[in-house]
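Since the structure comes first, as structure tokens, the remarks are kept for the end.
The values are calculated or read from the model by the stated rules, or taken from the named source; none is laboratory data. None of the values given here were measured: they were computed from a predicted structure. For neighbour counting, all protein chains shown are included, and Cβ atoms are generated from backbone atoms with ideal geometry for every residue, glycine included. Keep in mind that these areas ignore ligands, DNA and RNA; they rest on the heavy atoms of the full protein, side chains included. Shrake-Rupley method; radii C 1.70, N 1.55, O 1.52, S 1.80 Å.
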Amino acid sequence: MKRSVDRILTTHVGSIVRPPALLQFPAAERRVPSGSYEAALKDHVAEVVGLQAKAGLDVVNDGEFGKSSWANYVLDRLSGFEPRPDTIVPATWLGRDRFRFAEFMAGAFPRALTGSPADACVGPITYKDRWSIRRDIDNLKAALAPADVVEGFVTTVAPASVGYDAFNEYYEDERDYVFAIADALREEYLAVYDSGLILQVDDAVLANMYDELVQTSPAHYRQWAELRVAALNRALAGIPEERIRYHVCFGSWHLPHVADAPLEAIVDLILAVNAGAYLIEAANVRHEHEWRVWEKVKLPAGKILMPGVVTHHTTTVEHPRLVADRIVRFAKLVGRENVVASTDCGFAQVETIARVHPQIMWAKFESLAEGARLASQELWGR
């Protein structure tokens, strides 16, 4: 994984708003090998890599164009799960905000109140769809070959975030269930590592479940989270840390976020993951103040911090000077060579969602790159 040796490098968290031409294909066709869809997907991946390079991003990906969503895509790649459309589970990952802001949720995010159809684990969990990850890797590598970028990464999901609306009916206990997920995911992690690309593991649910579980006790949340961190580390065993990025966020939805976990309460869990870089939210109004955590918490030697310095939460495009100020602040805390500038989260966590209009998204990427240039001038004196 490249470091900011003589300038601040730039990246982003992963999901990019999908082109309408891709979404015109029926959902069922996007889930199975199809000649016309596969050709279109490859072309659009090549285009989006080129657009990221044009915007000034250094470390890029395929926009997650080959995935249906940031996390639940993997349920199509794993055995052992079945849909339970008649079983509705509450949105516990929203914590107490779903009650605190019930009137707002009713209009803006109804599933917060109604819950969602569940999936059930009814058999052994194994990794069954090796073709999709191979296709996504091949498309990205082909797109990277002519691109003027530093390197590429592939996003995957962490055990804690798999089936966040699912429940276990097959395994004897929670530990067996979570570790079975981790063992299956290991195949996907290894496929990315073996390809030579950087592996990113996304884990929003690790933070999202905080408010729900601490109502029982803080110890209850930590027990829940520590089990899942241990499972993730087992799945990552043998993969060099410098080839792994770990992303934790507090949910991409445009909601109040009062129930978000304080970074100081979970930062030790984040750093316990055997990764070389950590991507965290740091640009939105609920979490920007948490740069102060790094005044007290020391970033482990050799690790990289990839803070969000532009956010998906607002359509306002951050001024490059503001972006630079955010970068410089982190650089002074953890060392300029240990900072890579990023986004808070993705811009299209589900293939049909656009957190902001694509024009706004690309303008934010450009501001990120310009801000990194300004910060580099200040930090390196040139």
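Determine the relative contact order of the chain: mean sequence separation of Cα pairs under 8 Å and six or more apart, normalised by residue count, in whole percent. If you can, show how the numbers build up before the last one.
Values: 735 pairs, mean separation 85.2, N = 382.
Relative contact order comes out at 22 percent.
Tell me, what is the percent relative contact order of region 1-154, built from C-alpha pairs under 8 Å that lie six or more residues apart? Spell out each step's value before the answer.
Working: 179 pairs, mean separation 46.9, N = 154.
Over region 1-154, the number comes to 30 percent.
Take every DSSP beta bridge with both residues inside region 239-382 and express the antiparallel ones as a percent of the total, to the nearest 5.
Numbers: 0 of 11 bridges.
The answer is about 0 percent antiparallel.
Could you please state how large a percent of the accessible area of the chain is carbon and sulfur, counting protein chains only and using a 1.4 Å probe? Intermediate results must be reported in sequence, preceding the final value.
On the way: 8080 of 15200 Å².
C and S fraction of accessible area: 53 percent.
Could you sort 315, 156 by their accessible area in this structure, using a 1.4 Å probe and putting the largest first? Working shown, then result.
Details: 315 95, 156 0 Å².
Result of the area sort, largest leading: 315, 156.
Report, for the chain, the % of DSSP beta bridges that are antiparallel, rounded to 5.
Details: 8 of 35 bridges.
Beta bridges within the chain, antiparallel portion: roughly 25 percent.
How much accessible area does residue 7 have with a 1.4 Å probe, in Å² rounded to the nearest 10?
90 Å²
How large is the dipole of the chain about the Cα centre if only Lys and Arg carry +1 and Asp and Glu carry -1, each at its Cβ, rounded to the nearest 20 debye? It would help to have the intermediate numbers written out before the result.
Values: 41 positive and 51 negative charges, 184 e Å.
That gives the chain a dipole magnitude of about 880 debye.
Sorted by packing (mean other beta-carbon atoms within 10 Å per residue), highest first, where do 103-110, 355-362 land?
Put in order of decreasing packing, that is 355-362, 103-110.
Which entries in 2/42; 298/332; 54/364; 2/141; 303/364; 2/364 show an alpha-carbon gap greater than 20 Å? Don't jump to the answer; show the numbers that get you there.
Values: 2/42 26 Å; 298/332 12 Å; 54/364 13 Å; 2/141 17 Å; 303/364 26 Å; 2/364 22 Å.
Exceeds cut-off: 2/42; 303/364; 2/364.
Going toward the positive end of the dipole of region 181-333, with +1 on Lys and Arg Cβ and -1 on Asp and Glu Cβ, which of 209, 285, 330 do you reach last?
330
Would you work out the charge dipole size for region 54-143 about its Cα centre, treating the Cβ of every Lys and Arg as +1 and the Cβ of every Asp and Glu as -1, and quote it to the nearest 20 debye? Before the final figure, lay out the partial values.
Values: 13 positive and 12 negative charges, 19 e Å.
So the magnitude is around 100 debye.
Taking the Cα centre of region 137-261 as the origin and placing charges on Cβ (Lys, Arg +1; Asp, Glu -1), which of 157, 143, 171 is farthest toward the positive end of the dipole?
Highest projection toward the positive end goes to 143.
Can you give the translational diffusion coefficient of region 320-361 in µm²/s, computed by Stokes-Einstein from the Kirkwood radius over Cα pairs at 37 °C and 0.692 mPa s? Could the numbers behind the result be given before it?
Values: Rh = 12.3 Å.
Rounded, D is 268 µm²/s.
Would you be so kind as to identify which of 219, 377, 32 lies farthest towards the positive end of the dipole of the chain, taking Lys and Arg as +1 and Asp and Glu as -1 on Cβ and the Cα centre as origin?
Selected residue: 377.
Report the convex hull volume per residue for region 1-118, counting only C-alpha atoms, in Å³.
Spelled out: Cα convex hull of region 1-118, divided by residues, is 192 Å³.
Quick one: accessible area per residue over region 241-376, 1.4 Å probe, rounded to a whole number of Å²?
Numbers: 4900 Å² over 136 residues.
Solvent-accessible surface per residue comes out at 36 Å².
Between residue 25 and residue 353, what FRET efficiency comes out of the Förster formula 1/(1 + (r/R0)^6) with R0 = 22 Å and r the beta carbon distance, rounded to 0.05? Walk me through the numbers on the way to the answer.
Working: r = 17 Å, r/R0 = 0.77.
It comes out at approximately 0.85.
Which distance in nm do the two modelled labels at residue 135 and residue 36 give, with both placed 7 Å along the Cα-to-Cβ direction?
1.5 nm
Peptides 56-64, 212-220, 195-203: what's the order by average Cβ count within 10 Å, highest mean first?
Details: 56-64: 25.0, 212-220: 13.9, 195-203: 22.2.
Descending packing order for the listed peptides: 56-64, 195-203, 212-220.
Relative to the compact globular guide of 2.2 N^0.38 Å, what is the alpha carbon radius of gyration of region 309-382, as a ratio? Please report the intermediate quantities before stating the final value.
Values: Rg = 13.2 Å, N = 74, 2.2 N^0.38 = 11.3 Å.
The reported ratio for this selection is 1.17.
With a probe of 1.4 Å, find how much accessible area region 52-193 has per residue, and write the answer as a whole number in Å².
Values: 5830 Å² over 142 residues.
Each residue of region 52-193 exposes 41 Å² on average to a 1.4 Å probe.
Taking the Cα centre of region 274-382 as origin and charging only Cβ (+1 Lys, Arg; -1 Asp, Glu), how large is the dipole, in debye to the nearest 20? Spell out each step's value before the answer.
Values: 14 positive and 12 negative charges, 74 e Å.
For this selection, approximately 360 debye.
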